[in-house]
Each structure stands twice: as structure tokens, then as C-alpha cells.
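Read through the structure below, which is laid out as C-alpha cells, and then see the notes.
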Amino acid sequence: MKKKHGISNLLAELIVIVIVLALAAMLYAIVVHTTTTLTTNTDFFITNAQATYVGSTGSTVFTITIKNVGSTAIVSLSLAIDGATVSSTWQPNPPTSPIPAGGSATTFLLETGMLQGTDHTITVTETGSGGSTYAQTETVVVF
């Protein structure tokens, strides 16, 4: 009588690896699809947010770049740091200049009293030419 043998350990490990990779690929596809769906439901997104401490002046310079991905122009922008609305210098000036679909705008904001190594929450709120309002929040660390 012949002895029956199971599959080898190597083959069993290869099957497990293939199954894990297939599951990872499916999870990746779900995440990419969800992220794309969320991104297309907004009029703009923050492409860059930095905070740099200037030791010689004791101030912090915030640089924020947004991209208009909506189908209408952005007619106004407002900025809040740690929940407090602040006045800012938006480029292009004035902040009510429409930012066309596909266009970008950057703000440079000088603030004092924010120490190096601290993190802050910034919220940019835009109003589109159609009257819609969207907000986006990022956390930045002062370097």
C-alpha cells in the first residue's frame, strides 16, 4: 500500500503568499477608488502646507498652496490657525480675485509666538463663484 503525501511546506507557503498578495491588491484598489471619489467631491485641495520658524525675527512663516480642482472659480479664501481666523496676505492679491479652475494660490502669513517644534492645525475655507463653500484642514509642524 502506498502512503499518501500532502503538499510540501514550500508549496503551502507559496499559496499563502499568493493569497495575501491578492488580498493586498484588492485592499489597495478599494483605498485608491475611495480616495479618488473623496477628492473629486471637493472644489480645492491643499497641495502644500509648511510652517518655518525664523530665529532672527522670532516669527513663524506659514506657506500654504491650494489648487482649484473645481469647475468654478474660487472668489474668496479664509484661513484659521488652531481655530482662530487670521488675516493673511494671499497671492494673488486681493483674496477676492477669482482663482480659475485649475489655478493655484499661495499665502504667506507671519505669526509671532509659535515655537519651533510645535504643531498647529490650519483650516482653509473657500467660496466658489457659485456660492458653495468648502473647507479643508491640515496639521503643520513648525520647523
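The values are calculated or read from the model by the stated rules, or taken from the named source; none is laboratory data. Since the model is a prediction, treat every value here as computed from it, not as a measurement. Virtual Cβ from ideal backbone geometry, glycine too; neighbours counted across all protein chains shown.
At-a-glance table
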| read-out | value |
| --- | --- |
| Hits in segment 57-96 - residues which are at pLDDT below 75 and exposed (fewer than 15 other Cβ atoms within 10 Å of the Cβ) | Ser87, Thr89, Gln91, Pro92, Asn93, Pro94, Thr96 |
| Any hit, segment 118-125, residues being part of a strand (DSSP E or B), among the hydroxyl-bearing types (Ser, Thr, Tyr), modelled with pLDDT under 85 and buried (at least 16 other Cβ atoms within 10 Å of the Cβ) | no |
| Residue in segment 19-32 that is surrounded by 10 or more Cβ atoms within 10 Å (Cβ to Cβ), in contact with a helix residue (DSSP H, G or I) (Cβ under 9 Å, 6 or more places away or on another chain) and modelled with pLDDT of 80 or more present | no |
